[in-house]
Amino acid sequence: MSEKKRMLSGIQPSGELTLGSYLGAIRNWSERSDQFDCYYFMADLHTITVRQVPADLRRRTLSQLAAYIACGLDPEKNTLFIQSHVPQHAQLGWVLDCYTMFGELSRMTQFKAKSAQHAENINAGLFTYPCLMAADILLYQADLVPVGEDQKQHCELTRDIATRFNNVYGDVFTVPEPYIAKVGARIMSLSTPENKMSKSDTDPNGCVYLLDEANVMMKKFKRAVTDSEMDVRFDPVNKPGISNLMQIYSCATGRDYAAIEAEFAGQGYGSFKKAVGEATVEMCRPIREETQRLLKDKAYLESVYRSGAEKAGYIANKTLRKVYKKVGFVQP
Ligand code: ATP
Ligand code: LTN
């Protein structure tokens with residue numbers, strides 16, 4: 001068994017991956033493949049908390065796997081799998097439902113936001129979503145969970161659930177830490193920069209998809225909402241649009257905010273938006289091309305998710321058996 005610490009994360013195949021999913025999450029995953037024992041999955045169980053068209057969900061799950069690999073997650077170094085292929089997620093999820101309080105779940109910001117967004121379908125799964133997420137993480141005894149800022153609250157609840165369980169039954173779970181990048185952890189919509197860029201957003205102009213063609217991407221940046229001033233300056237409260245573009249540009253070029261302010265001093269927003277668009281297009285181009293190439297090789301993708309589920313299932317099963325024993329179930 002590997003001595004390395006474990007890193008784990010997942011993304012729901014609820015829409016096409018966005019610049020937010022990439023900069024906030026995936027990009028930080030591939031940097032650590034050598035240092036950690038890494039597990040990344042497609043959170044399809046989570047995705048059905050919102051109604052899905054079945055054929056689209058299937059297609060997006062595979063396309064997400066191809067994108068993971070294209071973003072630099074080498075399947076030889078990372079365990080890549082589909083959540084529904086490892087039944088222990090749902091099994092531990094149920095147990096953790098029974099160790100999580102109604103009040104805790106009621107306080108989750110994502111639940112409140114999604115209930116408002118899908119008022120006609122506030123189902124029990126949407127409510128207990130964080131328990132399944134806790135199961136995802138705790139099954140693998142993950143040390144580190146790289147996510148965007150919006151998932152911090154869920155990670156904290158996971159820590160609370162793990163600690164509560166450990167206090168009753170001894171050291172069953174590793175208590176995980178979230179890993180949130182300094183720049184890129186919260187990419188905002190280009191059309192409504194007060195809101196997070198989200199892949200299930202209905203406004204296509206606000207959302208840059210990782211697989212957008214160059215001309216589509218450029219158009220979105222050109223139309224990005226800014227403000228009535230003239231200067232490129234980092235001020236997320238008063239200049240959310242420009243600050244968001246600076247964040248994206250910083251991620252794409254590695255330049256810090258002071259350098260970006262100096263680079264565009266005295267220039268209008270037009271040339272700045274163009275530069276951000278071009279830098280983003282160049283950052284995403286190899287990902288798009290490689291994703292498209294991989295999507296043609298279904299047999300390869302199948303071999304990746306099969307061996308991923310096998311490796312993940314082995315570890316998940318060990319944890320689940322221990323949990324079942326601790327809570328008092330008769331061994332089968
Ligand atoms: P949905 O629209 O279905 O709620 P989403 O686009 O918000 O999805 P998730 O699948 O919830 O994305 O998130 C995947 C990962 O990417 C998570 O770690 C999340 O924190 C991160 N992430 C998502 N959107 C952003 C964003 N705009 N900025 C930074 N990180 C993000
Ligand atoms: N809830 C996350 C997706 C997710 C996840 C996880 C992230 C499901 N399970 C486990 C990290 C670890 C989201 O909505 N972004």
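FYI, it's all coordinate maths here, none of it is from the lab. Since we're looking at a predicted model, the values are computed, not measured. Note that we place each Cβ from the backbone using ideal geometry, even for glycine, and neighbour counts take in every protein chain shown.
Highest GNM mean-square fluctuation, the chain, Cα pairs closer than 10 Å: which of VAL95, VAL145, VAL237? The residue with the greatest mean-square fluctuation here is VAL237. Where a ≥ b ≥ c are the square roots of the eigenvalues of the C-alpha gyration tensor, would you call region 1-144 rounded, which needs a/c under 1.5, or, failing that, prolate if a/b is larger than b/c, or oblate? Oblate is the answer for region 1-144, as a/c is 1.5 or above yet b/c matches or exceeds a/b.
Look at the dipole of region 172-277 built from charges on Cβ: of PRO204, CYS251, ASN215, the Cα furthest out on the positive end belongs to ASN215. Assuming charge only on the beta carbon of Lys and Arg (+1) and of Asp and Glu (-1), the dipole of region 164-269 about its Cα centre is about 200 debye to the nearest 20. Against the chain, whose longest principal axis comes from its Cα atoms, helix 124-139 is set at around 80 degrees.
Database remark: amide H of ILE82 closer than 5 angstrom to the amide H of MET42, ALA309 (H placed geometrically; neighbours at sequence offset of 5 or more, or on other chains; Pro and chain starts carry no H). The aspartates and glutamates whose alpha-carbon is closer than 18 Å to the alpha-carbon of LYS298, local same-chain residues fewer than 8 away aside, are ASP56, ASP74, GLU76, GLU289, GLU290. Ranking GLY268, TYR324, ALA181 by Cα position along the charge dipole of region 166-324, where only Lys, Arg, Asp and Glu carry charges on their C-beta atoms, puts TYR324 farthest toward the positive end. Taking the longest Cα principal axis of the chain as reference, the axis of helix 88-97 is set at about 80 degrees. The sum of -39500 (n - 2.57) across all DSSP H runs of n ≥ 4, divided by the residue count of the chain, sets its helix-only mean residue ellipticity at 222 nm to -16500 deg cm²/dmol.
Extension gain for GLU31-LYS182 works out to 52.9 nm (0.36 nm per residue, less the C-alpha to C-alpha distance).
Taken along the Cα-to-beta-carbon direction at a fixed 7 Å, the label points for THR163 and THR192 span 3.5 nm. Protection proxy ranking for 292-299, 47-54, using the average of other Cβ atoms within 10 Å per residue and placing the highest first: 47-54, 292-299. With a Förster radius of 35 Å applied to the C-beta separation of LYS4 and ASP56, the computed FRET efficiency comes to 0.45. The value of relative contact order for the chain, using C-alpha pairs under 8 Å at least six residues apart, is 22 percent.
Label sites at ASP227 and ARG107, each approximated as a point 7 angstrom past Cα along Cα to Cβ, lie 3.3 nm apart. Rounded to the nearest 20 debye, the dipole size of the chain about its Cα centre is 680 debye, using +1 on the Cβ of Lys and Arg and -1 on the Cβ of Asp and Glu. Restriction of the GluC sites (Glu not before Pro) in region 147-222 to DSSP coil positions whose beta-carbon has at most 15 other beta-carbons within 10 angstrom yields GLU194, GLU213. So which GluC sites (Glu not before Pro) in region 1-41 are both in a DSSP loop and have at most 14 other Cβ atoms within 10 Å of their Cβ? When the GluC sites (Glu not before Pro) of region 1-41 are filtered for loop state and at most 14 Cβ neighbours within 10 Å, GLU3, GLU31 remain.
In this simple spin-label approximation, ASP297 and GLU156 carry label points 7 Å from Cα along the Cα→Cβ vector, and these lie 4.3 nm apart.
Within 10 Å of each candidate Cβ there may be at most 13 other Cβ atoms; applying that plus a DSSP loop requirement, which GluC sites (Glu not before Pro) in region 68-146 survive? Working shown, then result.
Values: sites: GLU76, GLU104, GLU120; in loops: GLU76, GLU120.
The qualifying sites are GLU76, GLU120.
Helix 298-327 and the longest principal axis of the Cα set of the chain meet at an angle near 50°. For the residue pairs LYS182/LYS222; LYS114/LYS152; LYS5/LYS77; LYS222/LYS274; LYS199/LYS274; LYS4/LYS182, the C-alpha atoms sit more than 18 angstrom apart in LYS182/LYS222; LYS199/LYS274; LYS4/LYS182.
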